[in-house]
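Structure first, then comments.
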Amino acid sequence: MKVGIVGLPQVGKTTIFSLLTGLEVDPYSTTYQKGIAKVYDKRVKILSDMYNPKKTTYATLEFFDTPSLNPNDKKSRAHVFNMVQNTDALLLVLRAFKNESVPFPENGETAFKQLRMTLDEFIFRDLEIVSSRIEKLENAKRKLEHREENELKVLLHMRDILENEDFLSLHRDEFTEDQIKLVSSYSLVTLKPIVITVNLDETQFENKNYESKDEILKVVNEYNFAYIELCGLMEKEIQELPENEREEFLKDLGITESGIERLSKTMYSQLGLISFFTVGKDEVRAWTLKKGSTAVEAAGTIHSDLARGFIKAEIIKYDDLVSLGSEKEVKEKGLMKLVGKEHVIEDGDIITIRFNI
Ligand SMILES: Nc1nc2c(ncn2[C@@H]2O[C@H](COP(=O)(O)OP(=O)(O)OP(=O)(O)O)[C@@H](O)[C@H]2O)c(=O)[nH]1
Ligand SMILES: [Mg+2]
């Protein structure tokens, strides 16, 4: 899963990137990084303590830090959007934190103003892409292929929506799955899942409030965005402490879960993802799956051979295993299920694939 971190100048993108991935970034560097973040899931730790495997593997998210999205600079905009082309979701960073030595983005003195400006940039970028493709198809000096004619129809409809300054995702039900596929190579930003991330200072974080919060939440609801508040700089400083001191600091601040924990939960629910586990003496591992996926799809996530030679899957529930204490107990209570290819996997399922190739 790839996630692009975007936002106006100096809102805390790199700080948050650093917090999520644990990578140190030189603030003056002009090269932009990608980094892997472990999706910290307490259940993996508990399973690992139970099985004592040689290896414990968490699910991961891959983050891309990007340069500032600068509305006055066409080139920088193109650059940012190129960088997030192949991402599955965007983390849109807004700044609420007060810091005398860091100027607010121009015309963006509140998080809400920044949000409006950024959403306009998104719409504008998609409109540019869609319009230029329409122009190309309309000016083609040959008869369009059937596929291109369908594409043109979709693009014209999309242009209407974007010209109304609306997001394509709000009109998703006006397009079929196949129509969306026709334009998938353009990586339209207003179709991507978006997580609004507000970067707060300590006072705002304690008060759970900041200027323009109500207006932000209204947009979040209206657009179906996911939403999270982080205290970028401070959480990053806490992250750098030795583990035993970390817990205490977090507790003092009323934070029960780290930034990456909260963010991955938000991300999973926004993207409709669940986790399943495989366990054993060699490895305890968390895997990511789209909600509604079947047993054979889970098998394919582990290895294509397992999907190909799939016979049955043994499933036990994480909660049953933890409350009963061992696989043996779970089996004796008759709580292990043997399921076929089409069985729908649920969050927290522990899976063993029986296969033959
Ligand atoms: N007080 C405070 N300062 C912060 C916070 N987050 C970031 N900063 C400061 O704001 C400045 C900009 O932070 P960056 O993370 O570099 O912001 P950016 O969005 O990556 O900036 P550009 O890449 O230049 O657009 C730095 O001096 C940070 O130390 C925060 O939560 N609180
Ligand atoms: Mg930066």
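The values are calculated or read from the model by the stated rules, or taken from the named source; none is laboratory data. Model, not experiment: these values are computed from the prediction. All Cβ positions, glycine included, derive from the backbone under ideal geometry; neighbour counts span all protein chains shown. These area figures cover heavy atoms from the full protein model, side chains too; ligands, DNA and RNA do not enter into them. Shrake-Rupley method; radii C 1.70, N 1.55, O 1.52, S 1.80 Å.
Looking only at region 90-103, which residues are closer than 18 Å to residue 213 by Cβ and surrounded by 20 or more Cβ atoms within 10 Å (Cβ to Cβ)?
Within region 90-103, 92, 93, 94, 95, 96, 97 meet the criteria.
Checking residue 72 against (1) open to solvent by less than 50 Å² (accessible area, probe 1.4 Å); (2) under 17 Å from residue 118 (Cα atoms); (3) of a type outside the set (Gly, Ala, Ser), only one condition comes out false. Which one?
Of (1) open to solvent by less than 50 Å² (accessible area, probe 1.4 Å); (2) under 17 Å from residue 118 (Cα atoms); (3) of a type outside the set (Gly, Ala, Ser), only one is false for residue 72: (1).
Any residue in region 290-304 that is more than 24 Å from the chain's Cα centre (by Cα) and either assigned by TED's automatic domain parsing to the domain that holds residue 46 or not β-branched (Val, Ile, Thr) (or both)?
yes
Which residue, of 275, 269, is surrounded by 14 or more Cβ atoms within 10 Å (Cβ to Cβ), on the phi < 0 side of the Ramachandran plot and not in a loop (DSSP other than H, G, I, E, B)?
So the residue among 275, 269 that is surrounded by 14 or more Cβ atoms within 10 Å (Cβ to Cβ), on the phi < 0 side of the Ramachandran plot and not in a loop (DSSP other than H, G, I, E, B) is 275.
Given the conditions (1) free of Cβ contacts under 8 Å to residues at least 40 places away in the same chain; (2) under 15 Å from the mean Cα position of the chain (by Cα), and given that residue 255 satisfies all but one, which numbered condition is not satisfied?
So residue 255 meets the others, but not (2).
Considering only residues that are within 7 Å of ligand 1 (Cβ to nearest atom) and not aliphatic (A, V, I, L, M), which ones fall in region 6-24?
7, 9, 10, 12, 13, 14, 15
Out of 308, 285, which single residue is open to solvent by 60 Å² or more (accessible area, probe 1.4 Å) and under 28 Å from residue 36 (Cβ atoms)?
285
How about region 23-49: which of its residues are under 27 Å from residue 272 (Cα atoms), more than 16 Å from ligand 2 (Cβ to nearest atom) and either modelled with pLDDT under 85 or open to solvent by 60 Å² or more (accessible area, probe 1.4 Å) (or both)?
36, 38, 40, 42, 45, 46
Please count how many residues of region 50-69 are crowded, with 16+ Cβ neighbours inside 10 Å and not hydroxyl-bearing (Ser, Thr, Tyr).
Number of matching residues: 8.
Considering region 75-96 alone, what residues qualify as being part of a loop (DSSP other than H, G, I, E, B) and either more than 16 Å from ligand 1 (Cβ to nearest atom) or touching a helix residue (DSSP H, G or I) at 6+ places or on another chain (Cβ under 7 Å) (or both)?
Of everything in region 75-96, those that are part of a loop (DSSP other than H, G, I, E, B) and either more than 16 Å from ligand 1 (Cβ to nearest atom) or touching a helix residue (DSSP H, G or I) at 6+ places or on another chain (Cβ under 7 Å) (or both) turn out to be 85, 86, 87, 88, 96.
For region 57-80, what are the residues that are among the hydroxyl-bearing types (Ser, Thr, Tyr) and either within 16 Å of ligand 2 (Cβ to nearest atom) or in contact with an Asp or Glu (Cβ under 7 Å, 6 or more places away or on another chain) (or both)?
Of everything in region 57-80, those that are among the hydroxyl-bearing types (Ser, Thr, Tyr) and either within 16 Å of ligand 2 (Cβ to nearest atom) or in contact with an Asp or Glu (Cβ under 7 Å, 6 or more places away or on another chain) (or both) turn out to be 57, 58, 66, 68, 76.
Among the listed residues 257, 235, 248, which satisfies the condition of being modelled with pLDDT under 85, in contact with a helix residue (DSSP H, G or I) (Cβ under 9 Å, 6 or more places away or on another chain), acidic (Asp, Glu) and not in a strand (DSSP E or B)?
257
Do the conditions hold for residue 87, that is, is it more than 16 Å from ligand 2 (Cβ to nearest atom) and touching a strand residue (DSSP E or B) at 6+ places or on another chain (Cβ under 7 Å)?
So residue 87 fits the description; yes.
Out of the helices (runs of 4 or more DSSP H) lying entirely within region 126-227, which hold 2 or more residues that are modelled with pLDDT of 95 or more, open to solvent by 80 Å² or more (accessible area, probe 1.4 Å) and closer than 30 Å to residue 97 by Cα?
Where helices (runs of 4 or more DSSP H) fall fully within region 126-227 and carry at least 2 residues being modelled with pLDDT of 95 or more, open to solvent by 80 Å² or more (accessible area, probe 1.4 Å) and closer than 30 Å to residue 97 by Cα, they are 213-223.
Determine whether residue 56 is touching a residue at least 24 places away in the same chain (Cβ under 8 Å) and within 21 Å of the chain's Cα centre (by Cα).
Taking the combined requirement at face value, the residue does not satisfy it.
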